[in-house]
1. What is the number of the single condition among (1) free of Cβ contacts under 8 Å to residues at least 40 places away in the same chain; (2) part of a loop (DSSP other than H, G, I, E, B); (3) open to solvent by 30 Å² or more (accessible area, probe 1.4 Å) that GLY163 does not meet?
2. Determine if the stretch 113-125 includes at least one residue that is more than 30 Å from SER228 (Cβ to Cβ) and exposed (fewer than 15 other Cβ atoms within 10 Å of the Cβ).
3. Determine whether the stretch 49-69 contains at least one residue that is of a type in the set (A, V, I, L, M), at pLDDT below 95 and assigned to a loop (DSSP other than H, G, I, E, B).
4. Identify all residues within the stretch 5-21 that are surrounded by fewer than 20 Cβ atoms within 10 Å (Cβ to Cβ) and touching a residue at least 40 places away in the same chain (Cβ under 8 Å); write none if there are none.
5. Consider only pairs whose beta carbons are under 7 Å apart and that are at least six residues apart or on different chains; among these, list those whose first residue lies in the stretch 24-43 and is under 17 Å from ILE176 (Cβ atoms) and part of a helix (DSSP H, G or I) and whose second residue is open to solvent by 10 Å² or more (accessible area, probe 1.4 Å) and of a type outside the set (Lys, Arg).
6. Within the stretch 197-255, which residues are in a helix (DSSP H, G or I), without any contact (Cβ under 8 Å) to a residue 40 or more places away in the chain and small (Gly, Ala, Ser)?
7. For the stretch 127-151, how many residues are open to solvent by less than 20 Å² (accessible area, probe 1.4 Å) and at pLDDT 95 or above?
Amino acid sequence: MRVLTAEELVSAEKALKDYFPKSLKVYGHIFSINRCKSHTTEVLVDSWPDFKTIICRSSLKGYRVDAFTKDEDNLRTILKDTDVLNWSGFFLLGGVDFCHLNMVKEVAAYRNASIYLAAKCFMMMLENPDHLPKLPVDRVSGSRITSLNMSHVDLVNKAWKFGGDESGAKIIQTLISNFPSCCIVDESGKPVSWILTYEYCAMGILYTSPEHRGKGYAKTLVTAAAKSLQQQGYPIYCFIEEDNEQSYRLFKDLGFKEVPDYRAAWFRLNDDIPNKLIS
């Protein structure tokens with residue numbers, strides 16, 4: 001495999017649209033790279049322009065890998081027979097089509113690597129943001145909608161289920177500095193509810209402080225964020241874990257549609273703190 005050039009990345013962004021929604025996460029990485037966002041990801045391809053597999057490797061939060069393939073056998077060969085990934089330590093294989101589960105297990109066994117299922121998610125997309133409700137600013141009593149800034153990194157990191165440490169803070173810092181975000185602040189200017197955009201362009205890290213829940217803040221922020229993303233030309237989508245019924249209902253009520261017959265999975269390889277061992 002080889003790294004795509006800047007010119008090739010522009011072509012790859014266009015080509016991946018033909019394979020939505022399964023290519024959307026890798027597309028999101030390339031979308032942001034092409035717009036000169038701060039990015040720690042390199043994009044590799046098996047061949048060009050007639051590619052079968054594209055892999056994104058990121059150094060954020062250790063070592064993270066995203067992959068899209070049109071040919072499972074091709075991806076299997078790459079994972080088993082090349083050094084494109086470092087199998088000697090921990091890495092996260094994220095947002096991969098769950099249909100590749102058996103293949104990933106096979107490769108992990110071949111590589112003598114432990115494998116754990118960290119998350120299995122619905123992908124939800126918003127096709128027409130024009131149908132979103134008007135922002136209920138008048139209902140956000142004593143508060144206002146704004147963007148997160150660098151003074152909010154620690155607050156967001158401590159509340160993030162996958163954060164709380166130094167590497168989490170670096171991720172939040174990168175996202176706030178380079179990608180759209182929305183928050184609602186109280187009378188003192190402190191954020192009490194927020195949503196961010198990942199470097200692969202998905203909406204995420206939606207959170208409301210416990211004492212402010214039940215006020216419709218999450219609905220307000222998803223609406224505001226989706227409209228902002230539309231104006232800036234971003235794809236509008238998110239991943240929601242299968243057991244997160246509250247978030248699923250929220251996004252569905254706002255017009256997001258679940259991608260049928262598709263689940264995205266996050267696998268942790270060689271992890272010292274496992275979640276769900278795959279046997």
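The values are calculated or read from the model by the stated rules, or taken from the named source; none is laboratory data. All figures in this text were calculated on a predicted structure; none of them were measured in a lab. Don't worry about glycine lacking a Cβ; one is built from the backbone with ideal geometry, like all the others, and counts go over all protein chains shown. Calculation scope for accessible area: heavy atoms of the full protein, side chains included, ligands and nucleic acids excluded. Shrake-Rupley method; radii C 1.70, N 1.55, O 1.52, S 1.80 Å.
1. (3)
2. The first filter runs over the stretch 113-125 and keeps only residues more than 30 Å from SER228 (Cβ to Cβ), leaving 113-117.
Pick out the ones that are also exposed (fewer than 15 other Cβ atoms within 10 Å of the Cβ) and you get none.
Within the stretch 113-125, none of the residues are more than 30 Å from SER228 (Cβ to Cβ) and exposed (fewer than 15 other Cβ atoms within 10 Å of the Cβ).
3. yes
4. Initial filter on the stretch 5-21 (surrounded by fewer than 20 Cβ atoms within 10 Å (Cβ to Cβ)): 5-11, 13-15, 17-21.
Hits for the stretch 5-21 are GLU8, TYR19, PRO21.
5. Hits for this filter: SER32/HIS39.
6. Across the stretch 197-255, the qualifying residue is only ALA218.
7. As a first pass, look at the stretch 127-151 and keep what is open to solvent by less than 20 Å² (accessible area, probe 1.4 Å): 129, 132, 140, 148.
Checking which are at pLDDT 95 or above leaves us with 148.
Qualifying residue count for the region: 1.
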